[in-house]
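*Asks:* For reference, the structure I am asking about is given below.
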Amino acid sequence: MTNRTFTMIKPDGVENGHIGAILEKITASGFRIVAMKLTQMTKADAETFYAVHNERPFFGELVEFMTRGPIVAAVLEKENAVADFRTLIGATNPADAAEGTIRALYATSMGENAVHGSDSDENAAIESAFHFAGREMF
Ligand code: RTP
Ligand code: MG
C-alpha cells in the first residue's frame with residue numbers, strides 16, 4: 001500500500017555537502033517528494049520532536065546536534081514507505097549500517113548519522129504535521 005514517511009537530512013549531512021547526493025539516492029529508490037524545505041529547529045522544537053528519548057543519556061547531545069544548523073525536512077511517498085525508507089537509510093550506528101545505505105555512505109557517528117526516518121505510520125503523520133502545514137504537502 002502506498003504511504004508516507006517523514007525524513008530529515010540532519011545538520012551534519014547539510015554541513016558536509018550531502019544534500020544533493022542524499023536526495024538523488026532517495027528519488028532513485030522510488031520515493032516521491034511530496035513536501036520539502038530547508039529549516040532550522042529551535043531547542044524547544046527538537047525537545048518536542050524527540051520527546052520519546054527525553055530520559056535517554058544522549059538526549060542533551062541530540063538536541064544540541066539537531067539544532068546547530070539547518071536541516072532538510074521532507075515528506076516522502078512510496079509503497080511501504082516507512083519500512084523501505086528505514087532499509088534505505090540503514091542502522092542507527094553507521095558501523096552497523098549495510099553497505100550502500102545512506103548512513104553507511106554519509107553518517108560519521110552514531111549521533112551524527114546524516115538522516116532521520118520515521119519508525120511507524122503513526123509517527124510519520126505526527127512528524128510530517130510537526131514540520132508542514134497541509135497546504136505544503138502535495
Ligand atoms: P532517527 O530517529 O533519527 O531516524 O534514528 P533511529 O530511529 O535510527 O534511532 P533512535 O533510536 O530513534 O535515536 C534517535 C537519534 O538519536 C541519536 N542517538 N545517539 N549517542 C547515542 O548513543 C545515540 N543513540 C541515538 C542518533 O542521532 C539517532 O538517530
Ligand atoms: Mg528513531
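The values are calculated or read from the model by the stated rules, or taken from the named source; none is laboratory data. This is a predicted model, so every value here is computed, not measured. Heads up, the Cβs are rebuilt from the backbone with ideal geometry, glycines too, and the neighbour counts pull from every protein chain shown. What goes into the accessible areas is simple: the full protein's heavy atoms, side chains included, and nothing from ligands, DNA or RNA. Shrake-Rupley method; radii C 1.70, N 1.55, O 1.52, S 1.80 Å.
*Asks:* Please list the non-local residues whose amide H lies under 5 Å from the amide H of residue 40, H modeled 1.01 Å from N, same-chain partners needing a gap of 5 or more.
*Replies:* For residue 40, whose amide H was placed from the backbone, the distant partners under 5 Å are 71.
*Asks:* Roll a 1.4 Å probe over the protein chains and send me the accessible area per residue for the chain in Å². Numbers along the way, then the final one.
*Replies:* Details: 7010 Å² over 138 residues.
In whole numbers, the chain has 51 Å² accessible per residue.
*Asks:* How much accessible area does residue 14 have with a 1.4 Å probe, in Å² rounded to the nearest 10?
*Replies:* Using a 1.4 Å probe on the heavy atoms, I get roughly 30 Å².
*Asks:* Roughly what would the spin-label model give for residue 27 and residue 92, points 7 Å off Cα along C-beta, in nm?
*Replies:* 3.2
*Asks:* R0 = 35 Å: FRET efficiency of residue 44 with residue 138, Cβ-based, nearest 0.05? Walk me through the numbers before you get to the answer.
*Replies:* Details: r = 28 Å, r/R0 = 0.80.
Efficiency, rounded to the nearest 0.05: 0.80.
*Asks:* Something else: Which length gain, in nm to one decimal place, applies between residue 126 and residue 68 when the Cα-Cα distance is subtracted from 0.36 nm times their residue separation?
*Replies:* Gain in length upon complete extension: 18.6 nm.
*Asks:* Let me ask you something else. Could you go through the stretch 61-78 in sequence order and give the Karplus-derived ³J(HN,Hα) for each residue, using 6.51 cos²θ - 1.76 cosθ + 1.60 with θ = phi - 60°, rounded to whole Hz, and x for Gly and Pro?
*Replies:* 4, 5, 5, 4, 4, 5, 9, 7, x, x, 10, 9, 9, 8, 10, 10, 10, 5
*Asks:* Hey, can you grab everything whose amide H is under 5 Å from the amide H of residue 115? Only 5+ residues off in sequence or another chain; H modelled, so Pro and N-termini drop out.
*Replies:* 10
*Asks:* Return the sequence-ordered ³J(HN,Hα) values of the stretch 24-38 in whole Hz as given by the Karplus equation 6.51 cos²θ - 1.76 cosθ + 1.60 applied to θ = phi - 60°, using x for Gly and Pro.
*Replies:* In residue order, the calculated couplings are 4, 5, 5, 6, 5, 8, x, 8, 9, 7, 9, 7, 6, 7, 8 Hz.
*Asks:* Related question: Give me the net charge of residue 123's neighbourhood, meaning all other residues with Cβ under 15 Å from the Cβ of residue 123; Lys, Arg count +1, Asp, Glu -1. Numbers along the way, then the final one.
*Replies:* Working: positive: 4, 86; negative: 119, 121, 122, 127.
After counting each charged neighbour, the total is -2.
*Asks:* Further, regarding this structure: Can you give the percent of C-alpha pairs in the chain whose distance is more than 28 Å? It would help to have the intermediate numbers written out before the result.
*Replies:* On the way: 815 of 9453 pairs.
Counting pairs separated by more than 28 Å, the tail of P(r) holds 9 percent.
*Asks:* Continuing with the same structure: Of all accessible surface on the chain at a 1.4 Å probe, what whole percent is carbon and sulfur? Could you put the intermediate results ahead of the total?
*Replies:* Working: 3640 of 7010 Å².
Carbon and sulfur: 52 percent of the exposed surface of the chain.
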